[in-house]
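To keep things clear, I will list the structure first and then write my remarks on it.
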Amino acid sequence: MSNCLFCRIVAGEIPADVVLRTEDVVAFRDVNPQAPVHVLVIPVEHHANIAELSAQAPHLTSKLLDAAAAVAKSEGLDNQYRLVFNTGADVGQSVFHVHAHVLGGRDFTWPPG
Ligand code: AMP
């Protein structure tokens, strides 16, 4: 999709700090990080959200989750990370190309403290 921001990052039309790239997935640092480690993992193929991805391309869902784990490991998170898929504008999804937020490096326990 030519008007999709993340498709344009996949195509190299918009620069990104890429930490992992395979035939099926790309991972890059979020421009507005919410934690010391904040990486977005996306499928190369365009799907709007995680529900559509898992319904339409379960093999890519698996690859996306594997890539998120690989990124967490390469970022030194030692199996301590939060994986977030915002699904829908009402809960804050702003880019409608499915992406996993890999977050770590700070305390995420709730309530904080
Ligand atoms: P969401 O709100 O779940 O749709 O997440 C979209 C994320 O994309 C936000 O955390 C943004 O900071 C991030 N973002 C937007 N534009 C870029 C960009 N050009 N490169 C990297 N991350 C971006």
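The values are calculated or read from the model by the stated rules, or taken from the named source; none is laboratory data. Note that the structure is predicted; figures quoted are calculated from it, not measured. Neighbour counts are summed over all protein chains in view; Cβ atoms, including those assigned to glycine, are modelled from backbone coordinates with ideal geometry. Please note that ligands, DNA and RNA were not included when accessible areas were found on the heavy atoms of the full protein model with its side chains. Shrake-Rupley method; radii C 1.70, N 1.55, O 1.52, S 1.80 Å.
Given a 1.4 Å probe and every protein chain left where it sits, what share in percent of the accessible area of the chain is carbon and sulfur?
Working: 3430 of 6550 Å².
Of the solvent-accessible surface of the chain, carbon and sulfur hold 52 percent.
Would you work out the relative contact order for the chain, in percent, from Cα pairs under 8 angstrom that are 6 or more residues apart? Please list the in-between numbers first.
Working: 179 pairs, mean separation 33.2, N = 113.
Answer for the chain is 29 percent.
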Gain in length, His59 to Ile14, computed as 0.36 nm per residue apart minus the alpha-carbon separation, to one decimal in nm? 13.5 nm
Taking the Cα centre of the chain as the origin and placing charges on Cβ (Lys, Arg +1; Asp, Glu -1), which of Thr87, Gly104, Val25 is farthest toward the positive end of the dipole? Gly104
If each DSSP helix of 4+ residues adds -39,500 (n - 2.57) and the sum is divided by the residues in the chain, what number results at 222 nm, nearest 500 deg cm²/dmol? -8000 deg cm²/dmol
HN-Hα couplings for the range 6-23 via Karplus (6.51, -1.76, 1.60; θ = phi - 60°), in whole Hz with x for Gly/Pro, come out as 6, 4, 6, 5, 4, 6, x, 7, 10, x, 8, 8, 7, 10, 7, 9, 10, 4
Between Leu83 and Glu45, the two model label points (7 Å from Cα along the beta-carbon direction) sit apart by a distance in nm of 1.8 nm
Does the range 4-51 classify as rounded, prolate or oblate by the C-alpha gyration tensor (a ≥ b ≥ c root eigenvalues; a/c under 1.5 gives rounded; else a/b over b/c gives prolate, otherwise oblate)? prolate
Compute the long axis of helix 58-74 from its Cα atoms, compare it with the longest principal axis of the Cα atoms of the chain, and write down the angle in degrees, 0 to 90, nearest 10. 40 degrees
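Using the heavy atoms of the protein chains alone and a 1.4 angstrom probe, what is the accessible area of the chain per residue in square angstrom? Present the calculation step by step, with values, prior to reporting the outcome.
On the way: 6550 Å² over 113 residues.
For the chain, the solvent-accessible area averages 58 Å² per residue.
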Would you mind estimating how fast the range 5-104 diffuses translationally, via Stokes-Einstein at 25 °C and 0.890 mPa s with the Kirkwood radius over Cα pairs, in µm²/s? 183 µm²/s
Each label sits 7 Å from Cα toward the beta-carbon; between Asp66 and Asp107 the label points are separated, in nm, by 3.7 nm
Per-residue accessible area for Val18 at 1.4 Å probe radius, Å² rounded to 10? 60 Å²
